[in-house]
Each structure stands twice: as C-alpha cells, then as structure tokens.
Amino acid sequence: MSVLLTGGLGYIGSHTAVELLTSNEDVVIIDNLSNSDLSVKEKIKKIVEPVRKLDENSFKVYVGDVRDYKFLDQVFSENKITSVIHFAGLKAVGESVAKPLDYYDNNLISTINLLEVMRAHGVKNFVFSSSATVYGKAKSMPIYEDFETGATNPYGRTKLFIEEMLKDIYNSDKSFNFIILRYFNPIGAHDSGLIGENPNGIPNNLMPYISRVATGKLECLSIFGNDYNTKDGTGVRDYIHVVDLAKGHVCAVKKLKTNCGLKIYNLGTGIGYSVLDIVNAYNQVCGNKVKFKFVDRRPGDIDICYANADKAYKELNWKAERNLLDMCKTSYNFEKHNK
Ligand code: NAD
Ligand code: UDP
C-alpha cells in the first residue's frame, strides 16, 4: 500500500516524500527529471534511513513522464497504490506566458492521464498541488478558500482548469476523494541541507535569488517595486516553510482515508511579510551579504497576498510551525551545501 507522488523528486515532492516515509507510509515516485535529478532519491534515503530502514517495497522511484499513459498503467499494475499526490507540472508564471502550449500540454494532459489510470485501477484518493495564484487579485486579505477565483496567466489557468475538472469528476462519481491544496509561497529547505529548491539558471522567485546573492553566486537582488500600498512599499506574501507544507500533505493523506469527498485548503501561515522583511531576516542569518536595489514593478505582480489557514487547522489538524528565521536559515544552509 503506497502513496504515489508524481514529481516527487522536485522541491515540494522530495520534502513530502521524507515526511511520508518517516510517518511510516510507503512511497512510489514518478518523475521525468525535467526539473530535478536522480541524486535526490539517495538524499531522501539518507535523511530517512536513520529513522526507518527503506527497501524497494517501501520506497521506489520510476523515471518517466506522467503524460505517458502506458508507463503510468505499468506503475499502477506493479504497485498497490492507495493515494496519489500530484506535484508534477511546470510552474514558472513568466515562462507560461511565453510558452502557453507547453503548460497546457504538461499540466493538463498529465492530470487527465493520471485520473484515467486511477479510474482504471480503482484508485480514488487524490491530492492536487494548487496555488494561491488561483485567487488572482483578491478583494480583501486574508484570503479564505471560498473567495472568488480567477487566473491571470496560463500557469494559473492550468491550476484553475484542473480544480474545475476535479469538481466535475467528483460530481459525477462521489466515490472519489479529492483534496485541493492551495499553497502560498513555499521557501526554505530541509534541516539536513541535503534537499531544497535548486532552480536551473537565474531564479525567478525571491528566496532562491536571495540565497544566490548571499552566497556570492549572484551580484545583487533587484526588488521589484517599492511603491506598493504596503507598510514599506514592497510586495507582501505569505511565505511558508517547505517542511511545514510537506507535513500538510501527510495530514491530507490521512484525511483522504476518512472518505472526505472534495475539500479545498489554503496552506499558508496567515502572516504577510514584505520583500524587505525577507531581506532583513536573511541578512540576520548570513551576516549582511544580501545587496539589493529597487527597480520597477514586475508586470503581473500583485501588492499583497496572504492566507487565512484556519480551515486546514480545523479539518486537517495542521498548522505551520516554522518562523521566518527558520526559513532563511535552512535556505542559506542548503545553498551553501549546494555548490
Ligand atoms: P518542481 O519543479 O521542483 O517539481 C516538479 C517535479 O515534477 C520536478 O521534479 C519535475 O522534474 C517533475 N515533472 C514535471 N513534469 C513532469 C511530467 N510530465 N512527468 C513527470 N514528472 C514531471 O516544483 P515544486 O516547486 O516542487 O512544485 C510542485 C507542484 O506545486 C507544482 O505542481 C507547482 O505548480 C505547485 N506549486 C508550487 C509552488 C512553488 O512556489 N514552488 C507554489 C504553488 C504551487
Ligand atoms: N521579488 C523581487 N525580486 C525578485 C523576485 C521576486 O522583488 O527577484 C518579489 C516579487 O515582486 C513579489 C515577491 O518577491 O513581491 C515574491 O515573488 P516570487 O516570485 O517569489 O513569488 P510570487 O508571489 O510572485 O509567486
């Protein structure tokens, strides 16, 4: 009886694999290595093995693409999959504007395939990696799960389409259990420094960019706008430690076992930090190495975005526990290890 993680060698998937394995769940991963590499498998093992001995029955990795139906069918035939967490997908907003077809192809086709294979094998439990981006520009803060949704770019639209698809499937077949997790801004890394976020090329996101400035790999952070209507003029987001986020998935898998139907949860801390808050916290950790300059706003960015995460606390018994300094410390530690 295993939990299948698509995209399980990626940033959030690898941390979730660690948390599931240390909670005594068996894990099967499928990843096409488009944004990860096979060394992550050994790193997951290295983290988990002091707590639990692993073998091919408890932890298995398949290299392959979720868009390949035959391959998926084989994985489901070879393993007793009870739940699926679907992380695999492309995730860069800017790239999705430039290459929309890649996003519709990868994100939508993989999900349709996966759901078809699940139906064929009678697997009915599914967790989906959605995003706060589905709220677009929310009318007020904090954001609750029942707020109106609306995407502003192809990446966000793939998340919204999939959410709608899951609702339609659930309406047609109530034996499915679907948990949609809307992540806010995951940052940080595992305490071991072995796994973390390691984007190819110049990072688009704030935290990996800061880490590379702090370790001398990049010169200077450009802060996109200091004229937003926020406390210091820089953009505000709800940053959540990736280990907290991963633990949210363990709670979601538990919830699926109660035949919960279709549920939607925000996974955030409920706290909004500005870009300057993040830079200041990071500077405390690394000894003032984060040089920055203010530049124009980035097109498409919103001023402020943070969650109300009470529903996840009430229904999943989950809440984020790690603070901003933990996020910065682990991020810096990972970046230093990751030459
Ligand atoms: P990631 O890129 O680190 O991980 C995704 C993994 O999926 C990678 O290992 C990649 O190789 C794999 N993959 C991609 N397409 C695949 C395919 N067709 N078949 C098999 N494997 C495939 O990304 P992440 O940050 O871990 O994000 C995981 C999920 O969470 C994504 O769906 C993303 O959209 C969503 N999400 C991420 C964030 C964030 O800020 N990181 C925020 C909200 C939502
Ligand atoms: N940001 C920035 N410089 C960067 C990257 C991001 O100032 O190099 C800001 C961005 O404008 C936003 C915040 O940092 O206010 C978080 O951006 P990120 O891309 O990490 O996540 P988003 O919330 O946009 O998905």
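No lab work stands behind these numbers, since they all come straight from the coordinates. The shown structure was predicted, so the numbers you read here are calculated from the model rather than taken from an experiment. Neighbour counts are summed over all protein chains in view; Cβ atoms, including those assigned to glycine, are modelled from backbone coordinates with ideal geometry.
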Asserting the computed 222 nm helical MRE of the chain (DSSP H runs at least 4 long, -39500 (n - 2.57) per run, divided by residue count, to nearest 500) equals -11500 deg cm²/dmol
Given 10 °C and 1.306 mPa s, compute D for region 208-339 with the Stokes-Einstein relation, Rh being the Kirkwood radius over Cα pairs; round to the nearest whole µm²/s.
97 µm²/s
Give, in nm to one decimal, the length gained when the segment between Ile112 and Arg298 is fully stretched (0.36 nm per residue of separation minus the Cα-Cα distance).
63.7 nm
Alpha-carbon radius of gyration plus Dmax, which is the widest Cα pair, for region 195-256 in Å
15.7, 46
Within region 161-229, GluC sites (Glu not before Pro) in DSSP loop having at most 15 other beta-carbon neighbours inside 10 Å
Glu219
Per residue convex hull volume, Cα atoms of region 279-319, in Å³:
124 Å³
Net charge dipole size for region 67-109 [Lys, Arg +1 and Asp, Glu -1 on Cβ; Debye, nearest 20]
80 debye
For the chain, with only Lys/Arg (+1) and Asp/Glu (-1) charged at the beta-carbon, what is the dipole magnitude about the Cα centre, in debye rounded to 20?
460 debye
Which trypsin sites (Lys or Arg not before Pro) in region 116-209 pass both tests, a DSSP loop state and at most 14 other beta-carbon atoms within 10 Å?
Lys137, Lys139, Lys174
Rounded to whole Å and sorted largest first, what semi-axes of the equivalent ellipsoid does the C-alpha gyration tensor of region 30-161 yield via the square root of 5 times each eigenvalue?
30, 18, 16
Over the chain, what is the mean sequence separation of C-alpha contacts under 8 Å (at least six apart), divided by residue count, expressed as relative contact order in percent?
19 percent
Among the chymotrypsin sites (Phe, Trp or Tyr not before Pro) in region 83-188, which ones are in a DSSP loop with at most 15 other Cβ atoms within 10 Å of the Cβ? Mind listing them?
Tyr144
Consider just the alpha-carbon atoms of region 97-233 and return their Rg together with their Dmax, both in angstrom.
18.5, 54
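Only Lys, Arg, Asp and Glu count, each charged at its Cβ (+1, +1, -1, -1), so figure out the dipole size of region 9-48 about its Cα centre, rounded to 20 debye.
Here region 9-48 has a charge dipole of around 160 debye.
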Percent antiparallel among DSSP beta bridges with both residues in the chain, to the nearest 5?
5 percent
From the P(r) of the chain, can you give the percent of Cα pairs sitting at distances over 27 Å?
43 percent
Taking the convex hull of the alpha carbon atoms in region 1-107, what volume per residue do you get, in Å³?
91 Å³
Between beta-carbons, use under 13 Å as the cut-off and find the net charge around Ser83, counting Lys and Arg +1, Asp and Glu -1.
+3
